[in-house]
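To start, the structure under review is shown below, and the notes come after it.
The values are calculated or read from the model by the stated rules, or taken from the named source; none is laboratory data. The structure presented is a predicted model; accordingly, all values stated were derived computationally and were not measured. So basically every Cβ, Gly included, is an ideal-geometry build from the backbone, and we count neighbours across all protein chains shown.
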Amino acid sequence: MTQRTLILVKPDGVKRGLAGEVLRRIEAKGYTLAGVELKQATEALLEKHYEEHVGKPFYQPLVEFMLSGPVLAIVAEGERVIEGFRSLAGTTDPTTAAPGTIRGDLGRDFGLKVQQNIVHGSDSVESAEREIALWFPHLAS
Ligand code: CMP
């Protein structure tokens, strides 16, 4: 089934000059780019984006990290792109993410309170549509 997903190159990825590499991997896998925009997040946007994490111990460090610089927001399209991109991204902890994945190849632990893991990808059809509406209101379905 053709899907859309919301991908973010987080501030660590943008600062390290990895935005192009993430776009390259998305395109090399055969997904289509439907939206790409460099954005500075706001606290209000992040509170909605990370609504399931509000109150967790890493929430405040996560918000500070996500405000620390611009993110590259991407909407990608394709058959089963939601699970496909999460597979490209690798597991949350970059230290143990499998080699071959974005996090496994390019990320590591910097000893901070939050996992700086280069990318975000929506985890379900419902969160993809919710997150696309937040980051790209003009692409909301
Ligand atoms: P992401 O999957 O994009 O969304 C939630 C983010 O919170 C996650 O990436 C990590 O950056 C961060 N995160 C998740 N779990 C932890 C944790 N246990 N400790 C620190 N940061 C975390």
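Being surrounded by 22 or more Cβ atoms within 10 Å (Cβ to Cβ) and within 11 Å of the ligand (Cβ to nearest atom) narrows it down to one of Pro94, Pro61, so name that one.
Only one candidate qualifies: Pro94.
Being assigned to a loop (DSSP other than H, G, I, E, B) and over 18 Å from Leu33 (Cβ atoms) is true for just one of Asp105, Asp109. Which residue is that?
Values: Asp105 fails: assigned to a loop (DSSP other than H, G, I, E, B).
Residue meeting the stated conditions: Asp109.
When Ala73, Ala128 are screened for being part of a strand (DSSP E or B), within 15 Å of the ligand (Cβ to nearest atom), more than 13 Å from Asp12 (Cβ to Cβ) and within 12 Å of the chain's Cα centre (by Cα), only Ala73 passes. If only residues of the stretch 1-46 that are part of a helix (DSSP H, G or I) and basic (Lys, Arg) are counted, the one that is farthest from the ligand (Cβ to nearest atom) is Arg24.
For (1) at pLDDT 95 or above; (2) closer than 20 Å to Lys48 by Cα, each residue gets a yes or a no:
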{"residue": "Thr101", "(1), (2)": "yes, no"}
{"residue": "Asp105", "(1), (2)": "yes, no"}
{"residue": "Arg108", "(1), (2)": "yes, no"}
{"residue": "Gly121", "(1), (2)": "yes, yes"}
{"residue": "Val125", "(1), (2)": "yes, yes"}
{"residue": "Ala128", "(1), (2)": "yes, yes"}
{"residue": "Leu134", "(1), (2)": "yes, yes"}
{"residue": "Pro137", "(1), (2)": "yes, yes"}
{"residue": "Ser141", "(1), (2)": "no, yes"}
